[in-house]
Structure formats: structure tokens, C-alpha cells
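Worksheet: one structure, shown below.
Here, each number is a calculation from the coordinates, and none is a lab measurement. All values reported here derive from a predicted model rather than from experimental measurement. All Cβ positions, glycine included, derive from the backbone under ideal geometry; neighbour counts span all protein chains shown.
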Amino acid sequence: MNKLILILCLLSLETLADFTTLSTSEVQAKIKQGVAIIDIRRQDEYDKYGVIPGAHKLTFFDNKGNYNTQKWLKDLSGIVKSKSTPFILVCAHANRSKTIGKFLNAKTGYKNIFELAGGINYGWIDKGLSTTKTPTSGTKPWYKIW
């Protein structure tokens, strides 16, 4: 019985082996290597918090939670040219990126999928890093005025 449980655990890990959560410093290193950042947030979130410089804005869920998987995958293929090309998903808090990353890994054949731990709010802005809206200044992020 224990061997069966171990085998099932290993198989489940294997199916998620091509989706990895990265720390902020690991994402920065990937950016320097030229890995594409795919920001899946909505336009209102881009407007409020900005975007990691150089990121591709590719909204997945609208403000009502609706989505068009076929269109999104077509748009993604225009940025990520092959299913083995690495890319990094970013959302606000890493909830949507985790959902989409697991879906892409399990159902579409994409490999080398990464996400930013904590999303842009807790994995980038809170670390004092700039977005297209906020320059790095050494002070508190613009949304923490207290």
C-alpha cells in the first residue's frame, strides 16, 4: 500500500514537473536570460499597479471571471513560439497564474512554465522593484502611503 501511495505521489509530481514557482531573484535572472513575462491580469490592474517592464499583457480572466481559452492560447503562441520555450506567468497574487500554469502544463503540452511567487503585488512591488507605473526609489511602494 505504501508503495502505491509513493508511486501515485511521484506520478502527480511528474505531471506538474514543467510548472515551477520562482522567487523574485530567480525571475530577475530569467528576465536577464530573455525569458518572456506573460502578465495575465486585467487592464484595470495594469492601470492601478503597472506592469513589469518588458512584460506582455495577455489578460486571461475578465472582470466577471469569463475567459476564452482558444483566443488566449492563440495570442500566447504569438509570444511563446514553441511549446518548449520557457515563459513566466504573472498575476496579482499568484492565484490565477497557478491555475493557468497547471492547466497549460496538464492540457496543452507547454513545457518550462514558471510563475512569480506572490505575484506582482507580493513578489515584485513589495520587494521595491519598479513597474511601468512605479519607479524604484528606495521608499515605500506608492500604494503604501501610511
Next item on the list: Mind checking segment 74-122 for trypsin sites (Lys or Arg not before Pro) that DSSP puts in a loop (not H, G, I, E or B) and that have at most 11 other Cβ atoms within 10 Å?
Entry: 81
Next item on the list: Read phi for every residue in segment 55-61 and hand back ³J(HN,Hα) as whole Hz from Karplus 6.51 cos²θ - 1.76 cosθ + 1.60, θ = phi - 60°, with x for Gly and Pro.
Entry: 6, 8, 8, 9, 4, 9, 9
Item checked: Entries in 32/71; 81/127; 71/127; 30/74; 71/98 that, when Cα-Cα distance is taken, lie over 22 Å -> 32/71; 81/127; 71/127; 30/74
